[in-house]
Amino acid sequence: SGGEFDGAFLCWILEHVPDPLRVLSEVRRVLRPGGRIFVTEVINSTFFLDPYSPNTWKYWMAFNDYQYDEAGDPFIGAKLGNLLSSVGFRKVQTRVRTWHYDSRHPEQRRQMISFWKDLLSSAADALVAKGYTTPEIVDGMEKELKSIQSNPNAVFLYSFMQAMAQSGD
């Protein structure tokens, strides 16, 4: 059966599944007519960090290559409009959201870089074990991010997509 729910919220989910259209189709099936879906997803190509951090950049590319090779999509946020429309959602709206922290927001910047370091480090063992990166690059990335946290002129920027749509009748 279908039409059991008024709404659905997916956050950082579709980037990890091999068939996001299947997931979105199932969400549409279980929504009542006029039900809404809200989706937040990554656009990993938007990551920017200053000062330039070569180990972090190399690691970031390996991180994304690994996700892509494991049937995920580190850029899926940019595709949400097409994906939602293609499975029959109506009134599809997308909005790019950005985290941009520089000297004007030192505490938020420090917190975000700390979070980012933890996020990236969480995949280090798998990335090294599967040959995507080396222990030296992991160590360099962690040192760069720790150093950047206390740099008064550091800049962190990352954008992601939020989408909203409505199920059909």
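The values are calculated or read from the model by the stated rules, or taken from the named source; none is laboratory data. All values derive from a computational prediction rather than experimental measurement. Counting neighbours? That spans all protein chains shown, and the Cβs are built from the backbone with ideal geometry, glycine included.
Some observations on this one:
- Single residue of the stretch 126-169 satisfying the filter (in a loop (DSSP other than H, G, I, E, B) and polar (S, T, N, Q)) that is nearest to residue 95 (Cα to Cα): 167
- The numbered conditions (1) hydroxyl-bearing (Ser, Thr, Tyr); (2) under 20 Å from residue 158 (Cβ atoms); (3) in contact with a helix residue (DSSP H, G or I) (Cβ under 8 Å, 6 or more places away or on another chain) are all true for residue 68 except (3).
- Taken as a whole, the structure places residue 128 among residues that are farther than 28 Å from residue 79 by Cα and under 23 Å from the mean Cα position of the chain (by Cα).
- The stretch 22-31: number of residues that are in contact (Cβ under 8 Å) with a residue 24 or more places away in the chain and either under 19 Å from residue 93 (Cβ atoms) or under 17 Å from the mean Cα position of the chain (by Cα) (or both): 3
- Subset of the stretch 54-69 [farther than 11 Å from residue 120 by Cβ and in contact (Cβ under 8 Å) with a residue 24 or more places away in the chain]: 54, 58, 65, 66, 67
- Of the residues making up the stretch 100-149, those that are farther than 13 Å from residue 58 by Cα, of a type in the set (A, V, I, L, M, F, W, C) and without any contact (Cβ under 8 Å) to a residue 40 or more places away in the chain are 115, 119, 129.
- Qualifying residue in the stretch 27-38 (condition: touching a helix residue (DSSP H, G or I) at 6+ places or on another chain (Cβ under 6 Å) and either under 21 Å from residue 10 (Cβ atoms) or modelled with pLDDT of 95 or more (or both)): yes
- Leading residue by the ranking (modelled with the lowest pLDDT) among those in the stretch 149-169 that are buried (at least 18 other Cβ atoms within 10 Å of the Cβ) and of a type in the set (Gly, Ala, Ser): 167
- Contact map, the stretch 156-169: first residue touching a residue at least 60 places away in the same chain (Cβ under 8 Å) and farther than 17 Å from residue 13 by Cα, second residue among the hydroxyl-bearing types (Ser, Thr, Tyr) and part of a strand (DSSP E or B), Cβ cut-off under 8 Å, separation 6 or more or different chains; pairs are 156/101; 157/98; 157/101; 158/98.
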